[in-house]
Every structure is written in structure tokens, then in C-alpha cells.
Amino acid sequence: MCSWWFRRPSGRQPTSSSARGDADTEQLLRSRIPTWEEIRNFTRQPGISIGVIHQGQEVLRHNAGILNIETGQVADSDALYYIASLSKAFMVASLGILVRQGKTSWDSTVHSIRPDFRHAQRPAEFEGMTLRDICSHRTGLLSLDEVTQGLDGRTLIDKKDVVKVCNAMPVKHGLRSRFLYNNGLFELAGHIVGRVSGYASWGDFQHDYIYNPLI
């Protein structure tokens, strides 16, 4: 399943010229629908929902396919989709907001924020692991996806155990030696967002700083 919403913020009030611009934007976007459908069919996604907000106005709402292959329920704009690794963009955006606020930096070490992060195999090496390293997937640590997440994308480990699991992640490559995708460390990044921001969770932080401003 796929769900895409795009927003281009602007403080300008709509005018007749901007209305024409919205119409042009909608026409341009609708011309892309065959390409989106081609991607959906190629990736075997049963349903897709796409929305675009331009200068504060909704200019496109497109739904295709089904939500449930057993019931045949059609896709609509109220559907809830598993967004999987698209959530990483929101996590990085959250960290970016905190960096802009001066509450942390991309080169702050995880250990300086969460002193309980101390890698079991190479504590000295990974004491220098930074937020930039996590976001760039250059830590060299194996993600342990089989242990940390289920087939439906839900995290299987308790929040209180996230740091412990990250401490135990096997070393595949040296820190910053090469790219190695890691899902689990983004859960650790979520804990860091909560710790640095003072919010109870990174979800609460994103609610106030990312989702609410879009309403």
C-alpha cells in the first residue's frame, strides 16, 4: 500500500493568478498519474492514495486500487497506510528542527545524549557515533530486523529495551567505513528526539512541529 501527500507551503493569499497556477499544477500532476500507476503495478501495490497541497490549497486528490484484497474495499483519502521507511524522513526532519533550535547538532554523539548507549563489542569506537552517522546509515552496525520488527512493520521490542538492543547490534563494518542500512537505530533516534526536546515521545514532538502546522 502507498500513501503520498505533498505540500508546498506559502504565506501568500490565493489570487486569481495563483488560482490559475493551481490549475496548471493540477494539470501537470494529473499528467503524471499514468506513471504513478505504472510504478504501483510494477511494485504490486494493491492500492494508492496521493494528495498534493500547493500554496495552502488542495490541488490533487487521487486514489486507485483496493485497500483489502479479501474484502475488495477501495482505496480512499481516509485510508491509513503503513508508511514503513518513509517515517525516516520525518525522523530526520525532527532532528533537523532540534538542530535549528540549537538544542543539538548533527555531530552530537549518541552517547552524550544517551549515556546508556555503550556498544558491547566496541565501546570506544561507537562512543563517537553521531546523529549524522545514524541518518547516513554509515554506522556499520547490523539492524537485527528479524528481532526488532514484525512482518507488518511494527516494532517488536519494548521502548525501554531499545538502547539495550542497539548496544548489542553486531558490527558488520567499522564506523563510517561504508553504507549499511539500519532500521533499528532510527528507533534510537526517536528516543533522542524525545530526550533532547523534552517531549514524552518523538511522536508527540512530530505532532506539534510537523503534523499540526500542515493543518
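Every read-out reported here was derived from the displayed coordinates using simple, explicitly stated rules and does not represent laboratory data. Keep in mind it's a predicted model, so treat the numbers as computed, not measured. Here Cβ is always computed from backbone atoms with ideal geometry, including for glycine, and neighbour counts include all displayed protein chains.
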Simple label model, 7 Å out from Cα along Cβ direction - Glu37 to Arg195, nm: 5.0 nm
Cα centroid separation, the stretch 92-128 to the stretch 23-67 (Å): 37 Å
Dimensionless Rg ratio for the chain, taking C-alpha atoms and the 2.2 N^0.38 Å reference: 1.20
Gln57 long-range amide H proximity, modeled H, under 5 Å: none
Estimated FRET transfer efficiency when R0 is 30 angstrom, pair Asp208-Lys164 (beta carbons, to 0.05): 0.55
The stretch 26-160, relative contact order in percent, only Cα pairs under 8 angstrom and at least six apart counted: 12 percent
At 1.567 mPa s and 4 °C, Stokes D of the stretch 42-88 from Kirkwood alpha-carbon radius, µm² per second: 107 µm²/s
Reachable lysines from Lys164, criterion Cα separation under 22 angstrom, eight or more residues apart if same chain: Lys88, Lys172
Along the chain, longest interval not containing exposed chymotrypsin sites (Phe, Trp or Tyr not before Pro), exposed being DSSP loop plus at most 13 other Cβ atoms within 10 Å: 83-178
Those residues of the stretch 31-45 whose amide nitrogen sits under 20 Å from the label point placed on Glu58, 7 Å along Cα→Cβ: 31-33
Inter-site label distance for Gln101 and Ala124 at 7 Å from Cα along Cβ, in nm: 3.7 nm
Extension gain from Asp78 to Leu156, taking 0.36 nm per residue of separation minus the Cα-Cα distance: 25.4 nm
For the stretch 86-214, alpha-carbon Rg and Dmax in angstrom: 14.0, 43
Beta bridges by DSSP in the chain, antiparallel share as percent, to the nearest 5: 65 percent
5 angstrom amide H check on Gln149, placed H, neighbours 5+ away: Leu156
Cβ-derived FRET efficiency at R0 41 Å, Leu180 paired with Asn68, nearest 0.05: 0.70
